[in-house]
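Below: one structure, written as C-alpha coordinates.
The values are calculated or read from the model by the stated rules, or taken from the named source; none is laboratory data. Values in this document were obtained by computation on a predicted structure and should not be read as measured data. For the accessible areas, the whole protein counts, side chains as well, though only heavy atoms, and no ligand, DNA or RNA atoms are used. Shrake-Rupley method; radii C 1.70, N 1.55, O 1.52, S 1.80 Å.
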Amino acid sequence: MPLVPANQPQLIRSCQKDEFYQNNLTNNANELVHTFAGSRRWLQCRKEIELLSDLTYYVLTTLSGYQTLGEEYVSIIQVDPSKRRIPSRMRRTALIFFHTFVPYLMDKVLICVENELEAEAPQNSQHQTSRTWNPLSRVRFWIQRAVGILTESQRKSLIPLVFALQQGITLLYRLHVAVFYISGAFYHIGKRAAGVSYLRVGNVSGDDPRISNGYRLLGALSLLQLGVTLTLQFNNLKQRQRARQEWKQHRNLLPSRQVSESTSRSSRCILCLEERRNTTSTPCGHLFCWECITEWCNTKARHLYYVMLWCVCT
(Lines give C-alpha, C1' and ligand atoms only; values in the text may rest on other atoms or scores of the structure.)
Protein backbone atom coordinates (compact mmCIF):
# COMPACT_ATOMS: atom_id res chain seq x y z
CA MET A 1 0.00 0.00 0.00
CA PRO A 2 1.61 3.32 -1.04
CA LEU A 3 1.98 5.85 1.77
CA VAL A 4 2.85 9.52 1.39
CA PRO A 5 2.94 12.34 3.99
CA ALA A 6 -0.38 13.99 4.77
CA ASN A 7 -0.75 17.54 3.48
CA GLN A 8 -1.97 20.67 5.25
CA PRO A 9 -5.67 20.46 4.25
CA GLN A 10 -5.93 16.88 5.51
CA LEU A 11 -4.32 17.71 8.86
CA ILE A 12 -6.52 20.76 9.35
CA ARG A 13 -9.73 18.90 8.46
CA SER A 14 -8.75 16.06 10.79
CA CYS A 15 -8.16 18.52 13.65
CA GLN A 16 -11.47 20.28 13.02
CA LYS A 17 -13.34 16.98 13.04
CA ASP A 18 -11.69 15.88 16.27
CA GLU A 19 -12.47 19.23 17.91
CA PHE A 20 -16.11 18.86 16.86
CA TYR A 21 -16.47 15.51 18.64
CA GLN A 22 -14.44 16.67 21.63
CA ASN A 23 -16.70 19.71 22.03
CA ASN A 24 -19.78 17.47 21.90
CA LEU A 25 -18.31 15.23 24.59
CA THR A 26 -17.35 18.23 26.74
CA ASN A 27 -20.80 19.83 26.38
CA ASN A 28 -22.53 16.62 27.44
CA ALA A 29 -20.21 16.30 30.45
CA ASN A 30 -20.85 19.94 31.39
CA GLU A 31 -24.61 19.44 31.26
CA LEU A 32 -24.33 16.31 33.39
CA VAL A 33 -22.20 17.98 36.07
CA HIS A 34 -24.33 21.13 36.01
CA THR A 35 -27.51 19.09 36.49
CA PHE A 36 -26.33 16.90 39.36
CA ALA A 37 -23.73 19.10 41.10
CA GLY A 38 -25.15 22.59 40.58
CA SER A 39 -23.86 25.77 39.00
CA ARG A 40 -21.30 26.58 41.68
CA ARG A 41 -19.52 23.23 41.51
CA TRP A 42 -19.67 23.26 37.72
CA LEU A 43 -18.01 26.69 37.55
CA GLN A 44 -15.24 25.53 39.88
CA CYS A 45 -14.34 22.42 37.86
CA ARG A 46 -15.22 23.31 34.25
CA LYS A 47 -11.54 23.24 33.23
CA GLU A 48 -11.14 19.80 34.78
CA ILE A 49 -14.27 18.60 32.95
CA GLU A 50 -12.77 19.72 29.65
CA LEU A 51 -9.49 17.97 30.51
CA LEU A 52 -11.22 14.71 31.44
CA SER A 53 -13.33 14.83 28.27
CA ASP A 54 -10.24 15.25 26.09
CA LEU A 55 -8.46 12.47 27.97
CA THR A 56 -11.43 10.15 27.48
CA TYR A 57 -11.48 10.86 23.76
CA TYR A 58 -7.76 10.24 23.25
CA VAL A 59 -7.57 7.21 25.56
CA LEU A 60 -10.38 5.51 23.61
CA THR A 61 -8.72 6.29 20.28
CA THR A 62 -5.01 7.14 20.21
CA LEU A 63 -3.86 5.28 23.32
CA SER A 64 -5.92 2.23 22.37
CA GLY A 65 -4.18 2.06 18.99
CA TYR A 66 -7.11 3.28 16.87
CA GLN A 67 -7.49 6.28 14.59
CA THR A 68 -9.35 9.26 15.93
CA LEU A 69 -12.59 10.12 14.16
CA GLY A 70 -10.85 13.02 12.42
CA GLU A 71 -7.97 10.84 11.23
CA GLU A 72 -10.42 8.23 9.95
CA TYR A 73 -12.43 10.94 8.19
CA VAL A 74 -9.46 12.01 6.02
CA SER A 75 -7.74 8.59 5.88
CA ILE A 76 -4.47 9.38 7.65
CA ILE A 77 -2.49 7.33 10.19
CA GLN A 78 0.05 8.22 12.86
CA VAL A 79 3.68 7.16 12.41
CA ASP A 80 6.84 7.56 14.46
CA PRO A 81 9.92 9.48 13.22
CA SER A 82 11.03 6.46 11.14
CA LYS A 83 7.89 6.87 8.94
CA ARG A 84 7.62 3.07 8.87
CA ARG A 85 6.00 2.11 12.18
CA ILE A 86 3.04 3.28 14.16
CA PRO A 87 3.98 5.07 17.40
CA SER A 88 4.67 2.91 20.42
CA ARG A 89 2.39 3.04 23.47
CA MET A 90 4.98 5.15 25.31
CA ARG A 91 5.12 7.66 22.46
CA ARG A 92 1.32 7.80 22.25
CA THR A 93 1.15 8.39 26.01
CA ALA A 94 3.66 11.23 25.65
CA LEU A 95 1.54 12.67 22.83
CA ILE A 96 -1.59 12.71 25.01
CA PHE A 97 0.37 14.23 27.90
CA PHE A 98 1.84 17.06 25.80
CA HIS A 99 -1.42 17.68 23.97
CA THR A 100 -3.81 17.77 26.95
CA PHE A 101 -2.03 17.90 30.32
CA VAL A 102 0.71 20.43 29.58
CA PRO A 103 -1.59 23.27 28.37
CA TYR A 104 -3.91 22.65 31.34
CA LEU A 105 -1.07 22.71 33.89
CA MET A 106 0.55 25.81 32.37
CA ASP A 107 -2.74 27.70 32.38
CA LYS A 108 -3.52 26.73 35.99
CA VAL A 109 -0.04 27.51 37.31
CA LEU A 110 0.21 30.90 35.60
CA ILE A 111 -3.26 31.95 36.79
CA CYS A 112 -2.41 30.85 40.33
CA VAL A 113 0.89 32.76 40.29
CA GLU A 114 -0.81 35.87 38.92
CA ASN A 115 -3.55 35.75 41.57
CA GLU A 116 -1.04 35.32 44.38
CA LEU A 117 1.14 38.17 43.12
CA GLU A 118 -1.85 40.50 42.83
CA ALA A 119 -3.21 39.60 46.28
CA GLU A 120 -2.93 42.32 48.90
CA ALA A 121 -1.29 39.91 51.36
CA PRO A 122 -0.07 36.33 51.00
CA GLN A 123 -2.75 33.88 51.99
CA ASN A 124 -1.96 31.27 54.57
CA SER A 125 -3.92 28.33 53.27
CA GLN A 126 -2.08 25.47 54.94
CA HIS A 127 -5.12 24.54 56.94
CA GLN A 128 -7.36 24.91 53.90
CA THR A 129 -5.20 22.51 51.89
CA SER A 130 -5.67 19.74 54.40
CA ARG A 131 -9.45 20.10 54.41
CA THR A 132 -10.24 20.77 50.76
CA TRP A 133 -7.79 18.89 48.58
CA ASN A 134 -7.72 19.03 44.79
CA PRO A 135 -5.12 17.92 42.23
CA LEU A 136 -3.41 21.32 42.25
CA SER A 137 -3.74 22.14 45.95
CA ARG A 138 -0.15 21.17 46.72
CA VAL A 139 1.17 23.22 43.80
CA ARG A 140 -0.96 26.16 44.93
CA PHE A 141 0.43 25.83 48.45
CA TRP A 142 4.01 25.85 47.14
CA ILE A 143 3.26 28.95 45.06
CA GLN A 144 1.71 30.72 48.05
CA ARG A 145 4.71 29.87 50.21
CA ALA A 146 7.13 31.10 47.52
CA VAL A 147 5.20 34.33 47.00
CA GLY A 148 4.96 34.86 50.75
CA ILE A 149 8.71 35.36 51.10
CA LEU A 150 8.74 38.12 48.46
CA THR A 151 8.54 41.79 49.31
CA GLU A 152 5.77 43.99 47.99
CA SER A 153 8.05 45.60 45.40
CA GLN A 154 9.30 42.22 44.19
CA ARG A 155 5.77 40.94 43.75
CA LYS A 156 4.79 44.01 41.76
CA SER A 157 7.84 43.66 39.53
CA LEU A 158 6.98 40.02 38.79
CA ILE A 159 3.42 40.72 37.63
CA PRO A 160 4.52 42.10 34.22
CA LEU A 161 6.80 39.07 33.83
CA VAL A 162 3.87 36.66 34.30
CA PHE A 163 1.79 38.68 31.84
CA ALA A 164 4.63 38.59 29.31
CA LEU A 165 4.93 34.82 29.76
CA GLN A 166 1.20 34.37 29.09
CA GLN A 167 1.43 36.50 25.98
CA GLY A 168 4.57 34.65 24.91
CA ILE A 169 2.76 31.29 25.03
CA THR A 170 0.02 32.67 22.78
CA LEU A 171 2.60 34.03 20.34
CA LEU A 172 4.41 30.68 20.38
CA TYR A 173 1.22 28.92 19.28
CA ARG A 174 0.78 31.43 16.45
CA LEU A 175 4.40 30.99 15.38
CA HIS A 176 4.02 27.22 15.35
CA VAL A 177 0.90 27.41 13.16
CA ALA A 178 2.70 29.71 10.73
CA VAL A 179 5.60 27.26 10.52
CA PHE A 180 3.10 24.46 9.87
CA TYR A 181 1.57 26.36 6.96
CA ILE A 182 5.02 26.64 5.40
CA SER A 183 6.45 23.18 6.17
CA GLY A 184 3.23 21.12 6.21
CA ALA A 185 4.17 19.03 9.26
CA PHE A 186 3.17 19.00 12.95
CA TYR A 187 -0.02 21.01 13.28
CA HIS A 188 0.14 20.71 17.09
CA ILE A 189 3.08 21.42 19.38
CA GLY A 190 2.32 18.26 21.35
CA LYS A 191 2.75 16.08 18.26
CA ARG A 192 6.01 17.80 17.40
CA ALA A 193 7.27 17.19 20.95
CA ALA A 194 6.25 13.52 20.79
CA GLY A 195 7.61 13.04 17.25
CA VAL A 196 4.28 11.85 15.81
CA SER A 197 3.57 12.67 12.16
CA TYR A 198 1.00 11.47 9.62
CA LEU A 199 0.86 9.47 6.42
CA ARG A 200 -2.18 9.25 4.18
CA VAL A 201 -3.70 6.01 3.00
CA GLY A 202 -5.57 5.33 -0.23
CA ASN A 203 -5.68 8.49 -2.31
CA VAL A 204 -1.99 9.18 -2.94
CA SER A 205 -2.31 11.24 -6.11
CA GLY A 206 0.03 14.18 -6.39
CA ASP A 207 -0.92 17.39 -4.62
CA ASP A 208 -1.84 20.45 -6.59
CA PRO A 209 1.19 22.78 -6.31
CA ARG A 210 -1.16 25.74 -6.03
CA ILE A 211 -2.46 24.39 -2.71
CA SER A 212 1.02 24.12 -1.20
CA ASN A 213 1.98 27.53 -2.54
CA GLY A 214 -1.20 29.00 -1.10
CA TYR A 215 -0.43 27.64 2.36
CA ARG A 216 3.15 28.86 2.15
CA LEU A 217 1.86 32.31 1.32
CA LEU A 218 -0.54 32.08 4.26
CA GLY A 219 2.37 31.08 6.49
CA ALA A 220 4.46 34.03 5.29
CA LEU A 221 1.56 36.42 5.96
CA SER A 222 1.09 34.89 9.39
CA LEU A 223 4.75 35.47 10.19
CA LEU A 224 4.43 39.06 8.96
CA GLN A 225 1.38 39.61 11.15
CA LEU A 226 3.21 38.08 14.10
CA GLY A 227 6.15 40.41 13.51
CA VAL A 228 3.85 43.45 13.42
CA THR A 229 2.17 42.28 16.64
CA LEU A 230 5.53 41.89 18.38
CA THR A 231 6.62 45.34 17.21
CA LEU A 232 3.42 46.95 18.50
CA GLN A 233 3.68 45.19 21.84
CA PHE A 234 7.34 46.18 22.17
CA ASN A 235 6.49 49.82 21.47
CA ASN A 236 3.64 49.64 23.97
CA LEU A 237 6.03 48.24 26.57
CA LYS A 238 8.48 51.08 25.93
CA GLN A 239 5.69 53.63 26.34
CA ARG A 240 4.66 52.04 29.62
CA GLN A 241 8.21 52.09 30.91
CA ARG A 242 8.63 55.73 29.88
CA ALA A 243 5.36 56.68 31.59
CA ARG A 244 6.45 54.79 34.71
CA GLN A 245 9.80 56.58 34.78
CA GLU A 246 8.12 59.97 34.33
CA TRP A 247 5.73 59.11 37.13
CA LYS A 248 8.62 58.19 39.46
CA GLN A 249 10.48 61.41 38.57
CA HIS A 250 7.33 63.38 39.25
CA ARG A 251 7.00 61.77 42.67
CA ASN A 252 10.65 62.49 43.53
CA LEU A 253 10.42 66.18 42.62
CA LEU A 254 9.56 68.56 45.40
CA PRO A 255 6.82 71.08 44.61
CA SER A 256 8.06 74.55 43.84
CA ARG A 257 5.76 75.93 46.51
CA GLN A 258 3.83 74.45 49.36
CA VAL A 259 0.20 73.83 48.61
CA SER A 260 -1.88 75.71 51.09
CA GLU A 261 -4.71 74.09 52.96
CA SER A 262 -7.10 76.43 51.24
CA THR A 263 -6.29 74.93 47.84
CA SER A 264 -9.50 74.28 46.00
CA ARG A 265 -10.52 70.65 45.79
CA SER A 266 -11.23 71.11 42.09
CA SER A 267 -7.50 71.69 41.44
CA ARG A 268 -6.45 68.40 43.03
CA CYS A 269 -5.89 65.10 41.24
CA ILE A 270 -8.07 62.42 42.81
CA LEU A 271 -5.38 59.78 42.26
CA CYS A 272 -2.38 61.40 43.96
CA LEU A 273 -4.42 63.91 46.04
CA GLU A 274 -2.01 66.68 45.08
CA GLU A 275 -2.24 69.73 42.90
CA ARG A 276 -2.58 68.62 39.31
CA ARG A 277 0.41 68.82 36.98
CA ASN A 278 0.00 68.57 33.22
CA THR A 279 -3.76 68.42 33.64
CA THR A 280 -5.42 65.82 31.41
CA SER A 281 -9.11 65.32 30.76
CA THR A 282 -10.82 61.97 30.20
CA PRO A 283 -13.67 61.72 27.65
CA CYS A 284 -16.19 62.19 30.47
CA GLY A 285 -14.63 65.53 31.48
CA HIS A 286 -12.85 64.60 34.74
CA LEU A 287 -9.34 65.93 35.29
CA PHE A 288 -6.20 64.08 36.37
CA CYS A 289 -2.44 64.45 36.30
CA TRP A 290 -1.10 63.10 33.01
CA GLU A 291 1.49 60.95 34.81
CA CYS A 292 -1.07 59.58 37.26
CA ILE A 293 -3.75 58.58 34.75
CA THR A 294 -1.31 57.03 32.25
CA GLU A 295 0.51 55.02 34.90
CA TRP A 296 -2.73 53.91 36.54
CA CYS A 297 -4.27 52.74 33.28
CA ASN A 298 -1.07 51.05 32.07
CA THR A 299 -0.62 49.07 35.28
CA LYS A 300 -3.73 47.00 34.62
CA ALA A 301 -6.09 47.23 31.67
CA ARG A 302 -9.16 46.89 33.85
CA HIS A 303 -8.23 50.04 35.77
CA LEU A 304 -9.42 52.04 32.78
CA TYR A 305 -12.82 50.44 33.22
CA TYR A 306 -12.84 51.48 36.88
CA VAL A 307 -12.01 55.06 35.90
CA MET A 308 -14.89 55.20 33.44
CA LEU A 309 -17.25 53.58 35.97
CA TRP A 310 -16.26 56.12 38.63
CA CYS A 311 -16.83 58.95 36.16
CA VAL A 312 -20.32 57.69 35.35
CA CYS A 313 -21.22 57.30 39.01
CA THR A 314 -20.01 60.79 39.92
Practice item. Using a 1.4 Å probe over the heavy atoms of the protein chains, calculate the carbon and sulfur portion of the accessible area of region 14-56 as a whole percent. Key: 53 percent
Exercise for review: Whole number in Å², please: accessible area per residue of region 1-84, 1.4 Å probe, ligands, DNA and RNA not counted.
Suggested key: 62 Å²
Exercise for review: Quick one: pull the percent of accessible area on region 141-236 belonging to carbon and sulfur, 1.4 Å probe, ligands and nucleic acids left out.
Suggested key: 68 percent
Exercise for review: Post the alpha-carbon centroid distance, region 186-201 to region 98-121, in whole angstrom.
Suggested key: 27 Å
**Study point:** Part-to-part distance (alpha-carbon centres) for region 230-245 and region 57-83, which is given in Å
**Key:** 45 Å
Check your understanding: Which entries in 47/83; 83/191; 17/47; 108/156 show an alpha-carbon gap greater than 25 Å?
Key -> 47/83
